[in-house]
Every structure is written in C-alpha cells, then in structure tokens.
1. Work out the length of the dipole vector of chain B about its Cα centre, built from +1 on the beta-carbon of each Lys and Arg and -1 on the beta-carbon of each Asp and Glu, and round it to the nearest 20 debye.
2. How much of the DSSP beta bridge set in chain A is antiparallel, as a percent to the nearest 5?
3. Let me know the shape class of segment B:22-137, please: from the alpha-carbon gyration tensor, a ≥ b ≥ c as square roots of the eigenvalues, rounded when a/c is under 1.5, otherwise prolate if a/b is greater than b/c, or oblate.
4. When chain A is treated as a GNM, springs tying every alpha-carbon pair under 10 Å, which of A:Asp152, A:Asp98, A:Asp189 comes out with the largest mean-square fluctuation?
5. Find the cysteines in chain A that fail to meet the 4.7 Å Cβ criterion with every other cysteine, and list them.
6. Using a Gaussian network model of chain A whose springs link C-alpha atoms within less than 10 Å, name the residue from A:Leu209, A:Leu124, A:Leu78 with the highest mean-square fluctuation.
7. Between rounded, prolate and oblate, where does segment A:12-54 land on the alpha carbon gyration tensor, with a ≥ b ≥ c its root eigenvalues, rounded for a/c under 1.5, else prolate if a/b exceeds b/c?
8. Hey, if you drop one equal point scatterer on each alpha-carbon of the protein assembly as shown and run the Debye formula without solvent, what base-10 log of I(q)/I(0) do you get at q = 0.06, 0.07, 0.09, 0.10 Å⁻¹?
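The values are calculated or read from the model by the stated rules, or taken from the named source; none is laboratory data. Everything numeric in this text was worked out from a predicted model, so none of it was measured. Every residue, glycine among them, receives a Cβ derived from its backbone with ideal geometry; neighbour counts consider all protein chains shown. Please note that ligands, DNA and RNA were not included when accessible areas were found on the heavy atoms of the full protein model with its side chains. Shrake-Rupley method; radii C 1.70, N 1.55, O 1.52, S 1.80 Å.
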Protein chains: 2
Amino acid sequence: MEAVPQVRFQVVAECSHTRARAGLLHTPHGTVETPVFMPVGTQATVKGLTQRDLDREVGARILLANTYHLYLRPGHELIRQLGGLHRFMGWPHAILTDSGGFQVYSLSGLRKITEEGVLFRSHLNGDAHRFTPESTVDVQLALGSDILMALDECPEYPVSREYARQSMERTVRWAAAAFRHYAELERRDGGAPRGELFPIVQGSTFPDLRRECALRLAELDAGGYAIGGLSVGEPRPLSLEMVEACEPLLPAGRPRYAMGVGMPEELPEYVARGIDMMDCVLPSRNARNGCLFTRTGRVIIKQSRYRDDPRPLDEECACHTCRNYSRAYLRHLFQAGEILYSVLATLHNLRRYADIMRQLREAILGGTFPECLAALHSEPPEAA
Amino acid sequence: MEAVPQVRFQVVAECSHTRARAGLLHTPHGTVETPVFMPVGTQATVKGLTQRDLDREVGARILLANTYHLYLRPGHELIRQLGGLHRFMGWPHAILTDSGGFQVYSLSGLRKITEEGVLFRSHLNGDAHRFTPESTVDVQLALGSDILMALDECPEYPVSREYARQSMERTVRWAAAAFRHYAELERRDGGAPRGELFPIVQGSTFPDLRRECALRLAELDAGGYAIGGLSVGEPRPLSLEMVEACEPLLPAGRPRYAMGVGMPEELPEYVARGIDMMDCVLPSRNARNGCLFTRTGRVIIKQSRYRDDPRPLDEECACHTCRNYSRAYLRHLFQAGEILYSVLATLHNLRRYADIMRQLREAILGGTFPECLAALHSEPPEAA
C-alpha cells in the first residue's frame, strides 16, 4: 500500500510580471490560502492570544510551533500521549513544526555538530541532548505536525565560503537521512496518514551554493521546500538575492517557504520572488515591545504623542483592538505593564500581517500584483 | 431642579432564614443582579482579560477600578478628556471606583493623615500628592463612575480601641464632607446625572464602633453603604462578626458592599449576612499565581499530578478555558511562563466566582438559600 499524500499544493494563479503566485495548500487540518504568513506559536501558544482569537480575529489557518521548545518542555512524548499538538493546544487548523536546528544554534550555549547530528544543552536546565535527522522526524511525528522540517544546519552570518560549503553538504546529507527515515516509517506503518516533510535549502550568502543545494534537494521530490538561513544578520538585499538564486531550481508545483522572515514591507518582496509561505516572531515580538504596524506606518506606542490620541491604531483595520480601543488606552496599558496590552497589540500586528497577505493574494488572483507591490512600496514607515 | 437618582436598588427576594437577599442595582450603565461579585480592574483593565471576555465569558455587569491608580496614571483629567473611564477602557457596563484611601495606606510608603485628608507619595515615582474627601469625589466624577466611594481611613490590624475610635470618627467626618461637596456640585450643575456616592463603615474589629459608625453614616441617607477595613489581617470569624454588627443598622432598602472580600467559600457567608456586593483581587491574582478554583476544590496547577491530566479544570464549568483546554495544557503554559496561562486562568476563576454568585442568587429567589449554603459548606477545598 502506497502512502497517500496528505499535503497537496495547487497553484491557482500566477503573476505574469513577477514570480508571485497564489495557491491552495491542502493539509490534514484544512486548506491554507497562499501566500501565507504563519504566526509563531513557539511553546504551543502564540504569545498572548487564545486559539479562538488567532482563528477568528486573525484568520490564521496555519501556525508554526518550535520542535526544540516542545521537545524540551513539555516533551513530545507527553504531547503524543495527550493526542498530539493540535489537541493539546486546542488548534483545529494546520501546524508546521520547524526542525529544531535553528533554536539549537541560537539558544543553546553549548553545542557540537557531528556528522550524526548536533549535541546541545537545554537552555532551561543545561541537560545534554542530541538531535539527529532521524530523531527530529520522530519528535515531529509525535507532535502530529501537518508539515515537518528536516534537520538542517543554519550557519551564522558571515561564514567562510569553505564552511558554508561543508555545512550545506551536511544539510543535504541530513535531509537525505531524514527522508530515508521517514520513508522507512511509512513503509512500516503501511502508508498511514502523516504530514509532509520539507527539506531546507542552506548555503549562507553564496548564490552558487544555494543553487547547488536547491538542485540536490530537488532530487528528494519533497512535497515542499524551505529556504533557511535568511535574516540571520545579512543585509536585506542579500536575503532576497539568495531566494532569487534558488527559487527557479525548486519544483514549481511545490510550495516554497522562506523561514524567519520578515518585516511588513518585506512580505511582498518575498512573494514577488515566488515564496508561498513565511513565518517570523517579528509581528508578535514587536507588538509586545511596543511597535505596532499600521496602514499609515509604525506606531511606537510609548511615545507621548499617543497619550491623548483617541483614534484606533489603524482607522482601516477591522481587528478587535482597532474596533474597540484607542491609542491612548493602548499606551496607558503599555506604560502600566498590563497583560492586556500584549494581548491587544499582538492581535493587531498579526491581523495586519494577515491582511497584507490577503491583499497580496487578491492582487495575484486579480492580475494586479505589480500595482499592489508599487503601492506598498510607497507606504510611509512612520505613523503620521 | 432636584437631582434624579441615577442608581436605584430594588430588593426582589429575601431569605426567610438568613439576612440574604436578591436585588437589582440599576445604574446609568445597566442593571446589575445582586448579590454580585465585582472583578477588580485596578488600572482600567482586569489583568489579562479583554472587556469582551469579561462581558461575554464571565458575564460581568459591573467592575471595580482603583481611584488611586488611575489618578496617578494615566490621570483622571486625561480620562475625563477622553470621555470618561467607560469610554477609555471600552466597558459598556457599570463601574464602581473605590475612594483611593485603601491604596494610599497599603501602597504608599510615606503618608500623613490630617483632619483635611491624607498626604502621600506616589508608589510610581515618589511625587507628593494629597487626597481630601472633596478631591477624591472630584477624581471619581472625572472618571465618570456609576458608584463612587467617600474617602475613608482604613486602619491596619490590630489597632488600639482608642485609635480605632479616632479613625472611625474621622472617617465619619470625611464622609460628611464628601457628601456636602457632592451635594454642592449637584446644586451647581442643576442636578445633572451622576453616579451614587457610598460612605464606608469603619471601626476596626470593635463591634460597638462599627455599630456607631453605621448609625452615624445612615444619617447621610446615602444610596448605598460599604463596609471597609475587612480582610486586613484579622481572623475570618471577626470579619463576619463586624458585618453582623453593623448590617442591621444600615438602611434595608440600600445595597451593602463588603469591600475586599473574599475566598470562594466566604462569598455565601457574606451573602447570608445581608451583603449585596463584594470585590477582591483574589480570584484574578490567585489565577495568575497558579491557584484555580473549581467545583471539586482548588487546583494548584504547577503540581506534577496535572502534567498529563487531559481533563478540563472543572468538568461542570462552561467557561472558555474549560470548554477548550486541559489541565495538562494549562500546567504547560504556567510552567513556561506564557501570557496565555494568565488569560485562561483569570477567565476561569472569575467565571467561577460569577457562577457562585448566580447560584446564590437563584437559591435566594427559589427559597433554597439555606440548603445552598449547607451544600457549599461541604465542598472540598482541595481537588480530587
């Protein structure tokens, strides 16, 4: 019995001037309209939001959870025992989990990369752990993810060309190992329904390494492809150049996911370069830190200019925050360190991101993506 | 032109075995069913809850806000300018504000009580301020409260009988001054609609002082009466004894408000002694600290017994938290320090309090209050 693909991608429209496309990503937990921005729910929660608000107010149909964090706490076996991550966190829609690799490199003080995998210490208590291409697949299967990521190495920026090549080749070998392991499990289970495993294109800031990595990973015939190692400190034009380098070499019928990007004004740039999926902590983290994104620019809510401002954050926004609360009230909550500030601010920023993505999708479907891109370019960065 | 009373209380049922009664408290912002527990929204927010959830999920029709906090930040004049507290915080239902007195005594390091009022330093920045019986009425009018409290002195526990008498007499003089000031403002404005001012019965733990205070305040013919200085460290039976001492001397047709109480098991005790209104930070603060109240006792969520517990906090609770999330998930959020823990926990505890109050009210209306009291007495304090 052959495995039935549980995740299927349909391109429904393509821009004739750019690489942008609109699609439908069918998953075991519903269909996601692309291009899509995925809110980050690191520890099985998007910080500050109920799953109800994420669903109804933001309109999210897919979120990202962090394999590294959930592996350490509460533990993937506990989550498996409680029916998987969807049930554990009460989220009916799709879930993508990352490979754990990025967090090992960014959060874990001590780590050692070998051919077999990566040894690291928990940022919670210092305990020693090991991730391998096989074990991170097992962890993500225990979580019950709709989309799983193969373990990769995400080098810091900058690295030497030599290290970037070594690292990229290891990432390719690890991806192959993860896919072999996954296929073996599928055979053993008789093709029981599972999520889809995506490999991750690395290669630091070297276009030729990115291209080589994309070509070699394309041989895996995966259900989708991620581009990792972006937004790790390199200049922004370089991030976009890396996407341009590898995107044409990835199978056109499969979704492409740019990991860990980006600022609101970057979203259309990635979409214009053929990206279907993105994620970033930026809208939620910035919200909590007092930076709010609106159609008229950024609002730094602690500024005294907002002290007596009776207007909503964004006059055109339909989110719960903008429908009900003034900038003056949000500023008061922020200054007073109130929990409700984080709740309302996160709700708004994630809705803003979702609205941008919906606007881009509609433009692609309506054949007006280039105009939409130009209009977004002209938006002011700071609020009037 | 005479002032139209904006707040009116109707007793709709009385228990024939206890002093308990059910009533309707009509305010400029809707009618509140009593007995009622009022959630505390210190800084114009009940910590962790949106006003929508407080309204729809908890079912709150009145909340308490702290005059002291709002006077200091963001300032009552700013709130007046922005249309009053209801509009500022987006709360369509009733608001009661305290006198500011209790916070001056509990939060302000330096304070000096004189016949004119109390000098204190802000807990935020050390600035010197003064509250007088007149100024706290002005602050609460700027906030636009439905129910205002007259400035009182809340002595610590224990105090000497001599100090308790001095302090009680000052509280009576301050109440008279607050009422004179309020009446003067009403005359000046031609009876414009306003909230109702309640004086506060003090007298520490001396029943005769409590009685004397109640009798002297009853002469003010106020729209309602508060009993203050409870739960300040005295043994619980003494708190109830103080209520028993003064309650029969307060006008039967006016609501009685026991300030700053209590634990879930204390709520029926106060109601049985003729109390119509209560408030306390306990359900919301305990929620944030990991103590959750259920029909089967307290759940200390950090305990490892809840690690893999798939049950809701309270099987019979209809709140958003219990409908959607397990104890295991709540424990994970608590252990991980996630904002969503505070949101979901606060929602549950406040709903639990509201449910207890609804249960008590229905029992009074149905003539079964004594049985209800007995049943609540037999509930276990710790979860099975």
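1. For chain B, the charge dipole is close to 880 debye.
2. 55
3. Judged from the Cα gyration tensor, segment B:22-137 comes out prolate (a/c at least 1.5, a/b above b/c).
4. For chain A, modelled as a Gaussian network with Cα springs under 10 Å, the answer is A:Asp189.
5. Cysteines lacking a close Cβ partner in chain A: A:Cys15, A:Cys154, A:Cys213, A:Cys246, A:Cys280, A:Cys291, A:Cys319, A:Cys372.
6. A:Leu124
7. On the way: a/c = 3.52, a/b = 2.17, b/c = 1.62.
Here segment A:12-54 falls in the prolate category.
8. Relative scattering, expressed as log10 I(q)/I(0), comes to -0.45, -0.60, -0.87, -1.00.
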